[in-house]
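The values are calculated or read from the model by the stated rules, or taken from the named source; none is laboratory data. Computed from a predicted structure; not experimentally measured. Reconstructed Cβ throughout: ideal geometry from the backbone, glycine too, with neighbour counts over all protein chains shown.
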Amino acid sequence: MSADESVELPKPSFEVLVQVLVSPCFVHLGIIENPATGERQIDLVQARWAIDLLHVLQEKSEGERTTAETELLETLLKQLHDAYLQCRG
């Protein structure tokens, strides 16, 4: 078994997809450290782009999400929007 085969990845799901898209937002808004550099950084252009991708997902999945999925997406979008506005000043 190779090293790659021993890594357990989460089962693909809407929640995992959202988390994959949210993680760069957290990095670009300075909420968490950049895993590549270990430093906090703010890049509002990249943050806005990642947030916009979440809005595309929200729009394209309208009517197809469970209540829990909708609540997760809306909660994270609100948190990201607030953090974006705070960083923007």
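Brief remarks follow.
- Filter pass, T70 being among the hydroxyl-bearing types (S, T, Y) and within 12 Å of the chain's Cα centre (by Cα): no
- Yes/no for L44 being under 13 Å from L76 (Cα atoms) and either touching a strand residue (DSSP E or B) at 6+ places or on another chain (Cβ under 6 Å) or at pLDDT 95 or above (or both): no
Okay, residues lined up against (1) surrounded by 14 or more Cβ atoms within 10 Å (Cβ to Cβ); (2) among the hydrophobic types (A, V, I, L, M, F, W, C); (3) touching a Leu at 6+ places or on another chain (Cβ under 8 Å):
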| site | (1), (2), (3) |
| --- | --- |
| C25 | yes, yes, yes |
| G30 | yes, no, no |
| R40 | no, no, no |
| E64 | no, no, no |
| T70 | yes, no, no |
| L80 | yes, yes, yes |
